[in-house]
Amino acid sequence: PAVTSPCKILKCNSEFWAATSGSHHLGAEEAPEFCTALRAYAHCTRRTARTCRGDLAYHSAVHGIDDLMVQHNCSKDGPTSQPRLRTLPPGDSQERSDSPEICHYEKSFHKHSATPNYTHCGLFGDPHLRTFTDTFQTCKVQGAWPLIDNNYLNVQVTNTPVLPGSSATATSKLTIIFKSFQECVDQKVYQAEMDELPAAFADGSKNGGDKHGANSLKITEKVSGQHIEIQAKYIGTTIVVRQVGRYLTFAVRMPEEVVNAVEDRDSQGLYLCLRGCPLNQQIDFQAIRSAQATEGRARRKGPSLPAPPEAFTYETAMAKCREKLPVEDLYFQSCVFDLLTTGDVNFMLAAYYAFEDVKMLHSNKDKLHLYERTRELAPGNTAPTGTHPTLWVALLCLSQCWLCLL
């Protein structure tokens with residue numbers, strides 16, 4: 001069954017934006033119309049308050065309404081019918097191309113230092129996480145979890161069960177909050193849900209607002225309803241969000257300086273992209289893959305779970321994943337894992353697009369593919385990196401024979 005959110009804050013946001021587009025150009029005599037729209041906005045948020053308690057976009061909207069009420073001297077009592085206001089005139093901030101230097105990360109943050117180091121984090125499938133340190137994990141993480149939390153932005157995902165009675169989960173909701181930054185951008189919220197991948201922020205805008213450097217934050221729609229890209233030049237960050245099948249994928253490219261920009265170092269490890277999933281939420285990918293290969297189906301997350309779909313055998317899942325992922329790395333293994341767990345071929349596409357995003361966003365092209373690490377050898381039994389153990393033993397025997405001949 002489809003998982004839908006009863007929280008309708010996106011609808012409230014879009015209605016307010018439609019009613020007030022261009023309102024910052026209104027004369028003083030039209031201020032009452034703006035207040036009417038603002039009261040309607042507040043009324044809409046109150047109607048959905050109970051179902052939006054844990055929603056970041058909702059709380060951002062409520063605080064924004066209070067601020068606007070004060071700024072425009074609006075009374076909380078009065079008419080709430082939606083007025084029709086003028087559209088944005090040419091030359092509005094949506095079209096600005098000029099930005100102060102501080103709103104371009106590479107020009108401002110690193111004027112007297114070396115080129116910044118960029119890192120990548122991605123989340124896709126059931127769900128698989130690649131952290132900023134190139135650690136690859138398969139996790140449970142059902143419910144809401146923070147992906148990123150630093151001085152400049154917050155990213156939160158919500159993962160929900162893929163099938164009734166199964167603990168296989170995938171991302172059904174994504175919330176990104178870009179915090180207000182100097183003269184560059186106002187606070188902006190982006191929120192996507194299953195079957196709803198907007199090409200605009202929650203307030204209907206496509207850039208950073210009314211500040212002089214507004215265009216240092218922009219949303220671009222690549223494929224309608226399937227693929228959007230957010231460029232945050234003021235922090236040197238690129239975010240890619242996709243809807244593949246019914247679920248969402250997330251990928252980001254971010255400078256290490258921004259990744260580590262946190263006020264409270266003690267809480268730095270609380271988000272997934274930096275520290276990975278908690279140990280009690282991680283899945284032993286290697287053990288499960290062995291079960292998949294030997295039993296022909298996934299044994300997942302505990303023996304008490306119902307058997308997963310039998311739409312794919314291990315062999316047919318391998319063949320299907322090779323169509324898009326010819327290199328048998330962890331993206332390929334994730335694809336096989338997800339097909340056996342869910343029976344949904346869209347998870348193969350999710351792994352494929354996740355790797356495509358890595359190719360675009362990762363700064364080190366030698367680290368695009370990730371492979372499982374070999375088991376740690378006992379002390380004193382180390383072998384040269386990249387040498388197969390059997391070959392190492394053969395070389396050792398050959399050297400001993402050569403010594404005997406001498």
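The values are calculated or read from the model by the stated rules, or taken from the named source; none is laboratory data. Quantities reported herein were computed from a predicted structural model and do not represent experimental measurements. Don't worry about glycine lacking a Cβ; one is built from the backbone with ideal geometry, like all the others, and counts go over all protein chains shown. All accessible areas refer to the heavy atoms of the entire protein, side chains included, with ligands and DNA or RNA removed. Shrake-Rupley method; radii C 1.70, N 1.55, O 1.52, S 1.80 Å.
The residue list 347, 337, 332 contains one member that is surrounded by fewer than 24 Cβ atoms within 10 Å (Cβ to Cβ) and in a helix (DSSP H, G or I), which is 332. Could you list, in sequence order, the residues of region 346-378 that are more than 19 Å from residue 132 (Cα to Cα), at pLDDT below 95 and among the aliphatic types (A, V, I, L, M)? Once the filter is applied, which keeps residues that are more than 19 Å from residue 132 (Cα to Cα), at pLDDT below 95 and among the aliphatic types (A, V, I, L, M), region 346-378 yields 377, 378. Among the residues examined, residue 134 does not qualify as closer than 21 Å to residue 188 by Cα, in the same structural domain as residue 188 (by the TED database) and not aromatic (Phe, Trp, Tyr). Based on this model, can you work out whether residue 157 counts as in the same structural domain as residue 246 (by the TED database), within 14 Å of residue 123 (Cβ to Cβ) and in a loop (DSSP other than H, G, I, E, B)? In short, no. Of everything in region 212-232 that is open to solvent by 50 Å² or more (accessible area, probe 1.4 Å) and in a loop (DSSP other than H, G, I, E, B), the residue that is modelled with the lowest pLDDT is 212.
Cβ separations smaller than 8 Å between residues 6+ apart or across chains give the following pairs from region 209-231 residues that are on the phi > 0 side of the Ramachandran plot to residues that are open to solvent by 20 Å² or more (accessible area, probe 1.4 Å) and outside any loop (DSSP other than H, G, I, E, B): 225/243.
In this structure, residue 168 qualifies as among the small types (Gly, Ala, Ser), open to solvent by less than 10 Å² (accessible area, probe 1.4 Å) and modelled with pLDDT under 95. Scan region 171-186 for residues that are farther than 15 Å from residue 219 by Cβ and out of contact with any Gly (no Cβ under 7 Å at 6 or more places or on another chain) and the total you get is 7. Sub-7 Å Cβ pairs linking a first residue in region 316-341 that is of a type in the set (Lys, Arg) to a second residue that is open to solvent by less than 30 Å² (accessible area, probe 1.4 Å) and assigned to a helix (DSSP H, G or I), at least 6 apart or interchain, are 320/339; 320/348; 324/348, ordered by first then second residue. Scanning region 236-251 for residues that are among the basic types (Lys, Arg) and either free of Cβ contacts under 8 Å to residues at least 60 places away in the same chain or under 15 Å from residue 199 (Cα atoms) (or both) yields a total of 1. Report yes if some residue within region 252-271 is open to solvent by less than 60 Å² (accessible area, probe 1.4 Å), over 27 Å from residue 194 (Cα atoms), at pLDDT below 85 and β-branched (Val, Ile, Thr); otherwise report no. So far as region 252-271 goes, yes, one or more of its residues are open to solvent by less than 60 Å² (accessible area, probe 1.4 Å), over 27 Å from residue 194 (Cα atoms), at pLDDT below 85 and β-branched (Val, Ile, Thr). Considering every residue within region 118-135, establish whether at least one is under 12 Å from the mean Cα position of the chain (by Cα), in contact (Cβ under 8 Å) with a residue 60 or more places away in the chain and open to solvent by 20 Å² or more (accessible area, probe 1.4 Å). Checked against the condition, which is being under 12 Å from the mean Cα position of the chain (by Cα), in contact (Cβ under 8 Å) with a residue 60 or more places away in the chain and open to solvent by 20 Å² or more (accessible area, probe 1.4 Å), region 118-135 yields no hits at all. The set of residues in region 154-184 that are within 12 Å of the chain's Cα centre (by Cα), more than 16 Å from residue 347 (Cα to Cα) and touching a residue at least 40 places away in the same chain (Cβ under 8 Å) comprises 154, 155, 156, 157, 173, 174, 175, 176, 177.
If you go through region 310-329 and keep only what is surrounded by fewer than 16 Cβ atoms within 10 Å (Cβ to Cβ) and of a type in the set (A, V, I, L, M), you end up with 311, 319, 327.
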